[in-house]
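Data first, discussion second: the structure below is written as structure tokens.
Nothing in this text is a laboratory measurement; each read-out follows from the coordinates by a stated rule. What you see is a predicted model, and the numbers here were worked out from it, not measured in a lab. With ideal geometry, Cβ positions are generated from the backbone for all residues, glycine too; neighbour counts draw on all protein chains shown.
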Amino acid sequence: MFFRKKVVTRLVALVTVISLLGDAVPCYADVDIKVSMDDISSFITVKKNLKCLKANENEVAYSTKVSKNAEYSCDFDMDNLKFCFKETILDENGKIIKQKDTYTNAIITKDGGLDACIELDGNKYRLSDFENRSSLTERGGVMSSIIKAIDLYLSVADTAEKVKAVSNYKYNRKLESKGNGVKKGYYVTDQSETKKKNKRSGNYRFGFTKFKDVGCEVAAVYNAMISLGRPERLSQTIYCFEAWSIEFASGWGKLGSNPLEISKYLKKKKVSYKKYTSFSALKKAAAKKNKCRIIMSRWNKSVTSGLHTFYVYKESKNLFKSYNWDYHWTYKRDSTLDAFNNGSGFIVGYLVWK
């Protein structure tokens, strides 16, 4: 499947099954998107059992198994944020005996993820309850047809987020080219900033929402890369988080992100790191260094308000400084690492080096 200059606005995943309770060929949109960060020329490498074709102006990803009995398809309208699930049941002669289209509005979570509450056979299901696909294969019996349908929705949602990543990248690069974003090599000191020249990170798009609301993990990594002497455009860092499903693992971020997945980015960028889930262990490791770089996550003082991730640089024995440290503090300097762990609980920390 190829995405060139035009961003796709409609995706289709198609699966044909032998019967309502029969075995399906899953249409799981497990894709890698590779983008030229300068001219937005891009393509998708489709893995597993997806096939690709170009139909007029639309790109189509589908998986199929020849059958006379039933056909299910699901597509997602990127413009109107709607799923359309189509069910067609055939008799032994291939004649249509039942045909039904069900439209469902997508739910954009407060943290930019994509979700939906779908109705199947009179029952309602929240897609995010099935984000762990392994749970789908553990169910069977009369529920098997429902699970197949849910898997189809999940496949389309996953692909929609990959396409949204390309769309966001194009938008964000345009911001930068017009001087309305963050200049390459400039630290993000306040993710909600929209006015200061060369520091307008609050103007960026991220997922199905705005960077200023959910972009702290990206900002932390972006700042760390500058400190490591490997600066990149903020639009590029955002794109990598979206395309590699770091920010919204399996498509749905409950509290904005999964900081435990930052290691995925570091591995792909070949950044050396050590991960700590204990603050005392992180503090002890940092104490042994004259200088070091840290990406750190902690719960906010009210856990229900989510978490925050930020970059900390140990400049000397008794001097730590951080950018985008808090929602109301753009820059912080202190003599101990403890001063930065001031929420309601430590989550994870990374020591990073070249």
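Annotations for the structure displayed:
- Spin-label pair Ser280/Asn318, simplified geometry with 7 Å Cα→Cβ offset, distance in nm: 2.5
- For the listed residue pairs Lys197/Lys288; Lys270/Lys291; Lys195/Lys317; Lys162/Lys288, the alpha carbons are over 32 angstrom apart in Lys197/Lys288; Lys195/Lys317; Lys162/Lys288.
- A full extension of the chain between Lys95 and Ser305 corresponds to an added length of 70.2 nm, given 0.36 nm per residue minus the alpha carbon distance.
- Extension gain for Lys270 to Asn105 (0.36 nm times residue separation, less C-alpha to C-alpha distance): 55.5 nm.
- Our estimate of slack between Ala287 and Arg230, defined as 0.36 nm per intervening residue step minus the Cα-Cα distance, is 18.0 nm.
- Once you divide the Cα radius of gyration of the stretch 70-114 by 2.2 N^0.38 Å, the number left is 1.55.
- In this rough spin-label picture, where each label sits 7 Å from Cα along the Cβ direction, the Thr194-Cys84 distance is 3.4 nm.
- Couplings 3J(HN,Hα) for the stretch 122-127, derived from phi with the Karplus relation 6.51 cos²θ - 1.76 cosθ + 1.60 (θ = phi - 60°), are x, 10, 9, 9, 8, 4 Hz, where x marks Gly and Pro.
- Residue-count net charge about Leu319 - beta-carbon cut-off 11 Å; Lys, Arg +1, Asp, Glu -1: +3
- Radius 12 Å from Cβ of Ile226, net charge of other residues (Lys, Arg +1; Asp, Glu -1): +4
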